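For reference, the structure discussed in these notes is given below.
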Amino acid sequence: MRWLVLGAGGVGGYFGGRLQEAGEDVTFLVRPGRAAILRRQGLSIESPDGAARLEPRLLLPGEAAAAPFDTVLLACKAYDLDAAIAALAPHVGPGCAILPLLNGLIHLDRLDAAFGTGRVLGGLCQISATLGPSGEIRHLDLPPRIIFGERAGGSSDRVQAIAAAMAPARFKSEASDNILQDMWEKFTLLASLAGLTCLMRGSVGEIARQPGGVPVARSFLRESAAVATASGYPPRDRFLKATEQRLTDPASAVTASMLRDIERGGPTEGAHILGDMVARGRALGVATPLAEAAACHVAVYEAKRNLD
């Protein structure tokens, strides 16, 4: 299978690198700055699951590919999606499937509009990874995993082919016959965690140890779950129990990546996650006062950042 991986950061670099390591035909579509680093020192992965150093095949925006691609693995941030769509457009042929690993859901509408609903799969990933100071990919403790499937449900030849291609790689992969349910549950988790830790500016444990912290965390989860339920994707009981435990653990040092983006002064996915959750709730008549406060909080940060 010929893969085009958009992005070679913590997500795209890790999963694309592991696919290349497993013998897949992988090309990375990257910006010139990242390309220069990769040409100079290769694609380096540091991981508890084993280190790797690879010589990646690179493609810059605007360059022509040698042959058509079978699958695009889309691993950009939500705020880079428009640029990603423009860069991908010349490479998405009639038989090409797009597997997005972005957080949230709103990107599906934009990808459908650009490439057609039939080309866009549902997908999500679970990984804790970042770029080190020399451009290396540092995988932390969370076991890497990709879940994907046809948004209409069930399976298909292309899903089975992707699953077979991923099987030898050093990450877990799962073909889901209910991928939108899986994506809604991750969206529910992310909106709750991001709203909680960004609004309170602390870790889960720091919040849970304060008077009123646990009830606030539970309220964030209730709001997000109510929007998911009204949208036709009620979270499953085991997900709700596990997520409540995760959001109320007084020993947890977990923060949302959105909070870490704020702390380093970078752009966030606030509109894509918190803003979209609030908008969906409003359209369905579901009140989300805590999520609305958190979305406003992050939007103010973004507005001030854009003025600097």
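If you take the beta carbon distance between residue 65 and residue 22 as r and set R0 to 22 Å, what does 1/(1 + (r/R0)^6) give as a FRET efficiency, to the nearest 0.05? Mind dumping the intermediate values first?
On the way: r = 21 Å, r/R0 = 0.96.
So, using R0 = 22 Å, E works out to roughly 0.55.
If packing is taken as the average count of other Cβ atoms within 10 Å, what order do 144-151, 210-217, 264-271 fall into, highest mean first?
Details: 144-151: 20.8, 210-217: 14.9, 264-271: 16.8.
Highest to lowest by the protection proxy: 144-151, 264-271, 210-217.
Where does helix 179-200 land angle-wise versus the long Cα axis of the chain, in degrees 0 to 90, nearest 10?
Orientation of helix 179-200: about 60 degrees from the principal axis.
Please tell me the relative contact order of segment 2-177 in percent, rounded to the nearest whole number, where contacts are Cα pairs under 8 Å and at least six residues apart.
Values: 342 pairs, mean separation 40.3, N = 176.
The value is 23 percent.
Averaging sequence separations of C-alpha pairs under 8 Å and six or more residues apart, then dividing by the length of segment 200-279, give the relative contact order as a whole percent.
Values: 59 pairs, mean separation 32.1, N = 80.
40 percent.
How large is the helix-only mean residue ellipticity at 222 nm for the chain, computed as the sum of -39500 (n - 2.57) over DSSP H runs with n ≥ 4, divided by its residue count, in deg cm²/dmol to the nearest 500? The partial results should precede the final answer.
Details: 12 runs with 138 residues, N = 308.
That comes out to -13500 deg cm²/dmol.
Which of rounded, prolate or oblate describes segment 125-257 when judged by the alpha-carbon gyration tensor and an a/c cut-off of 1.5?
The shape class here is oblate.
Could you name the lysines whose alpha carbon sits less than 28 Å from that of residue 172, not counting residues in the same chain fewer than 8 places away?
Hits, sequence-local ones excluded: 77, 186, 241.
From Cα pairs below 8 angstrom and at least 6 apart in sequence, can you work out the relative contact order of segment 83-173, rounded to a whole percent? Let's see the in-between values first.
Working: 100 pairs, mean separation 19.6, N = 91.
Relative contact order comes out at 21 percent.
Pick out, from 252, 232, 303, the residue whose Cα sits farthest towards the positive end of the charge dipole of segment 177-308, with +1 on the Cβ of Lys and Arg and -1 on the Cβ of Asp and Glu.
Value computed over the given set: 252.
Taking the Cα centre of the chain as origin, sum charge times position over the Cβ atoms of Lys and Arg (+1) and Asp and Glu (-1), and report the length of that vector in debye to the nearest 20. Don't jump to the answer; show the numbers that get you there.
On the way: 32 positive and 32 negative charges, 71 e Å.
For the chain, the charge dipole is close to 340 debye.
How high is the FRET efficiency between residue 82 and residue 307 when r is their beta carbon distance and R₀ equals 30 Å, given to the nearest 0.05? Before the final figure, lay out the partial values.
Values: r = 21 Å, r/R0 = 0.71.
Using R0 = 30 Å, I get an efficiency of 0.90.
Which FRET efficiency, nearest 0.05, do residue 151 and residue 39 yield, Cβ-Cβ r, R0 45 Å?
After rounding, the FRET efficiency stands at 0.75.
Starting from the Cα gyration tensor of the chain, multiply each eigenvalue by 5, take the square root, and state the resulting semi-axes largest first in whole Å.
Over the Cα atoms of the chain, the ellipsoid semi-axes are 32, 22, 19 Å.
Only the coordinates and a few stated rules stand behind these numbers; no lab work does. Since we're looking at a predicted model, the values are computed, not measured. Positions of Cβ are generated from backbone atoms using ideal geometry, with glycine treated the same way; all protein chains shown enter the neighbour counts.
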